[in-house]
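Below is one structure, written out as structure tokens, with a few remarks after it.
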Number of protein chains: 2
Amino acid sequence: MYERKIPEDLECGINISMKVLSGKWKPCIIDGINKGIRRPSELHAAIDVAAPRVINMQLRELEAYGLICKKIYPGLPLRVEYYLTELGESTLPIIQALDQWGNENREHVRKIVLQLQE
Amino acid sequence: MYERKIPEDLECGINISMKVLSGKWKPCIIDGINKGIRRPSELHAAIDVAAPRVINMQLRELEAYGLICKKIYPGLPLRVEYYLTELGESTLPIIQALDQWGNENREHVRKIVLQLQE
DNA sequence: TTTAGCAGGGAATAATTATTCCCCCACTGA
DNA sequence: TCAGTGGGGGAATAATTATTCCCTGCTAAA
């Protein structure tokens, strides 16, 4: 396993949450699964700006942290679905707060991003 | 200004919020300022696991996004204080949700982090 | 006149994360 | 037999972020 060079601070609650949720697409994935987008190929299609590989990696991480669980249906064609665990569901207030704030401040943030990049 | 190579997705509310709040110490800084830790040197002392330079950079970003404002008091000794703007205050529900989830799940997350690193 | 406290930034480098490219397996239908 | 679908991973590389090192300027106190 990869070993971090810089020790992490898991004292502060905020950092613990950020550790689990940070990752470019993790909150989106949780949101998607919560909305019923459960199959990998559906998630890839829904978050099409992200490379499929990245989504797979983040799914594995979310599974490792126990926020989602993976159900493999026997038989063919292959069918895999991800579900939120109870722990995963307990992050929904965070995800919803992020979503709401972002939607309310979309234009403001966009303006500043453009300014900073010009 | 630095120009990103990979365009960002500012469609989704979640990503907009993450854009503004992601940064290893940004949520901690907002939390700290909210708790009354307003001066740079105090923030450095309070978040002593972070290099002061990083905190300064993140303060500048938070200021650029309009989440905090900087008050420079005239006269000497030098005295600078940061305050949350209204917009900054509007992120507090997110910060509080992060803090709460992290505190409730500290041991669980710690266990898994250790497992992954062994 | 040196030292310390306070606020801060430039440049280089290290560390971490995301992305791309190309591969695997099993099956179905043409 | 070939192409396509569904699920997935290894390795290398690019991109982004954090960190370190060292510097500036000011004043007050020793």
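In summary, the lysines within cross-link reach of A:Lys24, defined as a Cα separation below 29 angstrom excluding same-chain residues under 8 places away, comprise A:Lys5, A:Lys35, A:Lys70, A:Lys71, A:Lys111, B:Lys5, B:Lys19, B:Lys24, B:Lys26, B:Lys35, B:Lys111. For B:Arg106, the distances from its label point to the matching points in the remaining copies are 3.9 nm, ordered from shortest, with each point set 7 Å beyond Cα toward Cβ.
Rounded to a whole number of µm²/s, how large is the Stokes-Einstein D of the protein assembly as shown at 37 °C and 0.692 mPa s, given Rh as the Kirkwood radius over C-alpha pairs?
Details: Rh = 19.2 Å.
Translational diffusion coefficient: 171 µm²/s.
Helix B:52-64 axis versus longest C-alpha principal axis of chain B: approximately 80°, rounded to the nearest ten.
Considering only B:Tyr65, B:Tyr73, B:Tyr83, the mean-square fluctuation computed in a Gaussian network model of chain B, springs between alpha carbons under 10 angstrom, is largest for B:Tyr73. Candidates A:Ala51, A:Ser90, B:Ile14 compared by Cα position along the dipole of the protein assembly as shown: farthest toward the positive end lies A:Ala51, with charges placed on Cβ.
Across the copies of the chain, B:Lys35 has label points (7 Å from Cα along Cα→Cβ) spaced 3.5 nm apart, shortest distance listed first.
Quick one: length gained pulling A:Lys111 to A:Met57 fully straight, 0.36 nm per residue minus the C-alpha distance? Write down the numbers at each step before the final one.
Numbers: separation 54, 0.36 × 54 = 19.44 nm, distance 3.19 nm.
Working it through step by step, the gained length comes to 16.3 nm.
Debye-formula intensities of the stretch A:3-58, expressed as log10 I(q)/I(0) at q = 0.22, 0.24 Å⁻¹, are -0.83, -0.90 (one equal scatterer per alpha-carbon, no solvent). Short to long, the 10 Å bins of the Cα pair-distance histogram for chain A hold 12, 36, 33, 16, 3, 0 percent of all pairs. Relative to the other identical copies, A:Glu81 shows label-point distances of 5.6 nm, where the label point lies 7 Å from Cα along the Cβ direction and values run shortest first. The HN-Hα couplings worked out from phi for the stretch A:69-80 by the Karplus form 6.51 cos²θ - 1.76 cosθ + 1.60 (θ = phi - 60°) are 10, 10, 10, 9, 7, x, x, 10, x, 3, 8, 10 Hz, whole numbers, x standing for Gly and Pro.
Computed from the coordinates by the stated procedures, all read-outs in this text should not be read as laboratory data. Worth saying up front: this structure is predicted, and the values here are computed from it rather than measured. Neighbour counts run over all protein chains shown; Cβ positions are idealised from the backbone, glycine included.
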